[in-house]
Amino acid sequence: MRASRLFVSTMREVPAEAEIISHKLMLRAGMIHKEAAGIYTYLPLAWRSMKKIMQIIREEMDAAGGQELFMSTAHPAEIWQQSGRWQVYGAELWRLQDRHGRDFCLAPTHEEMITLNVKNIARSYRQLPQLLYQIQTKFRDERRPRFGLMRGREFIMKDLYSFDRDEAGLDASYQAMYQAYSNIFHRCGLRFRPVEADSGAIGGKGSHEFMALAESGEAEILYCTSCDYAASSEIAATPPQGTGSGEELKEVEDVYTPDCITVEDVANFLGVTPDRVVKTMCYQADDRLVLVLIRGDRQINEIKLKNILDCFELQFAPDEAIRAAGLVPGYLGPVGVKEIKIIADSEVPLMVNHECGGGRESHHFLNINPGRDYQIDLVDDIRLVRGGEPCPHCGKALAMARGIEVGQVFKLHTKYSKVLGARYADENGQEKDMVMGCYGIGVGRTMAAVIEQNHDDGGIIWPMAVAPYQVIVIPVNDRDPELMTLAEKLYQELLRQKIEAVLDDRPERPGVKFNDADLLGYPFRVTIGKKAKEEQLLELKERATGEVRFLPFTETVEFLKQVTGNK
């Protein structure tokens with residue numbers, strides 16, 4: 001490709017709308033164009049990288065036994081209603097009607113449709129296992145689309161679905177995909193970490209997210225520095241810690257606490273530390289109220305809480321709903337509560353002589369003890385774990401990092417096959433539910449994550465495997481026939497050797513060409529300049545390291561054949 005023909009327009013200034021480096025650089029490098037919030041056109045340079053990522057994915061999926069297909073994006077509402085997800089997805093599900101008034105959605109994922117397809121074809125144990133995948137556009141009507149390709153409303157995803165006879169088969173398929181994902185992200189040049197994760201609206205039990213490590217990542221991960229434990233903050237666990245252990249139970253005191261609403265206010269007024277206070281929160285889970293108890297120095301993990309409550313919607317109860325239930329906002333506590341379910345974090349029963357809201361304006365209780373002074377309906381781990389807390393496996397300190405979720409694998413078990421009737425006949429003719437898994441990769445997210453991890457002040461630093469082009473050839477003077485002839489000769493030879501090269505034939509100053517080459521991130525730059533005329537040496541610069549070599553023409557070609565894999 002000649003630079004004069006490239007469909008690209010670079011920018012020197014950072015676009016005001018861009019928040020993270022990948023978004024800034026893709027806009028500056030003319031890789032994407034915003035059509036609406038969360039909706040982008042992939043311009044030629046981006047699409048070349050996307051195709052390379054997709055090819056890596058296809059190779060690894062096929063090597064693991066996958067078969068590619070392509071399903072419709074428009075799904076009839078009935079199949080989502082049958083699975084129960086028409087409600088679960090809520091406002092993120094992009095709904096529409098056809099001219100006859102029939103309800104459809106634009107698919108965010110394809111569990112229902114693939115299950116029905118397999119149901120109609122695979123009837124016998126002899127046809128299992130199956131690993132079926134596609135690479136296709138998905139839609140999610142995000143409340144806050146942002147960060148460019150990281151959180152869009154329209155995006156490209158690879159989704160594979162496994163169908164097995166039993167749990168042992170699912171384990172084998174899951175492990176095969178886990179390894180394939182590791183291969184994919186290694187080949188894309190990413191630094192990543194698989195972590196235990198929540199299954200979310202996909203459902204099932206058992207999931208890992210593949211996190212590309214980056215400070216700009218939206219997700220937090222906790223990992224052990226001594227063992228292999230790693231989990232997203234959504235599900236990370238740590239052993240519960242008690243407070244007041246060994247103390248004699250004390251008499252309850254009702255204390256007047258004016259203007260003390262927050263845990264900090266209460267702790268300061270009573271002269272105690274926040275870990276001696278029980279924080280009581282009132283949530284509305286779908287159409288019911290629940291009281292949630294947690295140690296005062298902890299935070300509630302709403303993902304864990306929502307999973308425990310098995311509800312569609314979870315939000316803080318409005319004050320009017322709290323008052324209607326006979327409770328007092330700001331002074332909530334569990335003592336005397338009978339009509340509302342009480343859920344406590346696993347640390348609360350280990351607290352001796354704790355403080356809590358008194359259930360009436362400007363009052364708190366001292367020396368409250370679970371079991372004696374109030375009853376808990378359900379105890380579970382509902383707290384948000386932070387860095388520095390003990391690992392649940394070995395007890396060493398957990399470290400925290402940020403990451404970009406580029407892929408996730410799920411064990412669905414029989415969640416969809418049971419309700420949609422995907423069954424097979426075993427060796428004895430007995431009907432059994434197929435056991436399923438699903439496995440997704442965000443293709444655009446992967447490309448953005450590569451940029452987040454590989455850039456400098458000059459621009460993108462592409463790993464060779466996913467670079468739009470591998471080499472740029474720059475003659476420093478487009479009006480010098482000798483330099484242009486040599487540049488053209490090198491360019492043609494690189495193409496003949498199947499090396500993806502660009503010849504910058506634009507009538508621009510060398511500085512402009514060099515800056516654009518750095519911004520666009522070509523892994524190697526060959527400069528045809530003064531040394532080429534005087535010493536027959538070409539200047540070869542590696543983008544990632546900045547290392548410069550001066551080589552004769554033939555050695556330059558041979559070197560580039562080696563580093564690009566075109567030996």
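The values are calculated or read from the model by the stated rules, or taken from the named source; none is laboratory data. Please read these numbers as outputs of a predicted model, since none were measured by experiment. Glycine gets a Cβ as well: all are built from the backbone with ideal geometry, and neighbour counts include every protein chain shown. For the accessible areas, the whole protein counts, side chains as well, though only heavy atoms, and no ligand, DNA or RNA atoms are used. Shrake-Rupley method; radii C 1.70, N 1.55, O 1.52, S 1.80 Å.
Details
- Residue match in the stretch 445-454 (condition: crowded, with 24+ Cβ neighbours inside 10 Å and more than 15 Å from the chain's Cα centre (by Cα)): yes
- Scanning the stretch 324-371 for residues being β-branched (Val, Ile, Thr), buried (at least 23 other Cβ atoms within 10 Å of the Cβ) and outside any strand (DSSP E or B) gives a total of 1.
- From the list GLU112, GLU60, the one residue that fits, being of a type in the set (Asp, Glu), under 23 Å from the mean Cα position of the chain (by Cα) and under 23 Å from LEU190 (Cβ atoms), is GLU60.
- Test for GLY421: is it on the phi > 0 side of the Ramachandran plot and open to solvent by 50 Å² or more (accessible area, probe 1.4 Å): no
- Residues of the stretch 148-170 classified as touching a residue at least 12 places away in the same chain (Cβ under 8 Å) and farther than 24 Å from LYS138 by Cα, total: 6
Condition check ((1) within 21 Å of the chain's Cα centre (by Cα); (2) among the hydrophobic types (A, V, I, L, M, F, W, C); (3) at pLDDT 95 or above) across all residues:
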residue	(1), (2), (3)
LYS34	no, no, no
ALA46	yes, yes, yes
GLY65	no, no, yes
HIS75	no, no, yes
GLY84	no, no, no
VAL88	yes, yes, no
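- Wholly enclosed strands (runs of 3 or more DSSP E) of the stretch 114-214 bearing at least 3 residues more than 30 Å from ILE382 (Cβ to Cβ), open to solvent by 10 Å² or more (accessible area, probe 1.4 Å) and not assigned by TED's automatic domain parsing to the domain that holds GLY66: none
- The set of residues from the stretch 1-26 being more than 30 Å from GLN492 (Cα to Cα), outside any loop (DSSP other than H, G, I, E, B) and in contact (Cβ under 8 Å) with a residue 60 or more places away in the chain comprises ILE21, SER22, HIS23.
- Here VAL409 fulfils each of the conditions (1) in contact with a helix residue (DSSP H, G or I) (Cβ under 6 Å, 6 or more places away or on another chain); (2) not assigned by TED's automatic domain parsing to the domain that holds GLY66 apart from (2).
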